[in-house]
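Accompanying notes for the structure given below.
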Amino acid sequence: MKPLRRHTLPRQGGFSILEMMISVLILTIVMGALFGVLDVGQRRMAAEQTKLDDFQEVRDFGDQFFRDINQIGDPNVRLFDLSGGTWSPALQSPVINDSRFAIGLVKIDANQIQFEASVNGISTVQSITYMINGSGTCTLCLQRSQVTKVNGSPLTAQTQNWGTEVNDVQSNPIFKYYDTTGTQITTLPVDISTTAGANTIATVKTIQINLRVSNPEIKDLQTGGSIEGTFEGEVSLNNCSMASTGQAMSCQ
């Protein structure tokens, strides 16, 4: 009778508790780094999207401004036969109060401009104002008002209807004005309520706009500062104002 032989299985290797802990630690570090990279990427994408949105906002607003300015002072008094009456000096004439005429510039300031123009394509004169905090409810908003002109003072008799706006505006001044010689008009505000003011406004030939908006909620990952969007432009006026004493229309 043969004796029974015991067969032992080869010893199988495995991870010790220490090895498993080290593996988990390494995996945690790798995953943490990966999630960190993903988080930075997401925040960078959000920052770039915000920057793009801000730029698009100010660009659209700037385009609207240029379209309005290109129509300033139209239709003006030169399109009508006024030989049967007198209108000069224009500042004292009822012509500038007539809703059929767009007198052009009415008031200029560092962060406000008011003028008359036909911007709706049907020759109806509109009173248009661009102003920081025009509605009184948004201190960093550049707002736009457009209303149909009514018979009365272009400066005081027109109501306001605030609409389109740019938020988080940081630039000051927004508007700069230059006369026909290229000299900047620095004494502001100026309006047509006085002869001196009307004569100054009548010399304005070029308007510059500088819009810088800054979103305080999202930071630039490289600089640590707030995301900014900027827009700069310049436009020359075809018709400035017929409110200047003795001038049918200036800036010609």
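The values are calculated or read from the model by the stated rules, or taken from the named source; none is laboratory data. Note that the structure is a prediction, hence the values are computed from the model and not measured. In this analysis, Cβ positions are derived from the backbone assuming ideal geometry, glycine residues included, and neighbour counts consider all displayed protein chains.
The table below lists the values:
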| read-out | value |
| --- | --- |
| Segment 148-186, residues that are under 22 Å from the mean Cα position of the chain (by Cα), at pLDDT below 90 and among the charged types (D, E, K, R) | E165, D168 |
| Filter result (more than 23 Å from I103 (Cα to Cα) and of a type in the set (A, V, I, L, M, F, W, C)) within segment 134-173 | C138, L140, C141, L142, V166, V169 |
| Only one of G134, G182, G121, G152 that is assigned to a loop (DSSP other than H, G, I, E, B) and in contact with a helix residue (DSSP H, G or I) (Cβ under 6 Å, 6 or more places away or on another chain) | G152 |
| Which listed residue is at pLDDT below 80, touching a Phe, Trp or Tyr at 6+ places or on another chain (Cβ under 8 Å) and not small (G, A, S), from P75, P10 | P75 |
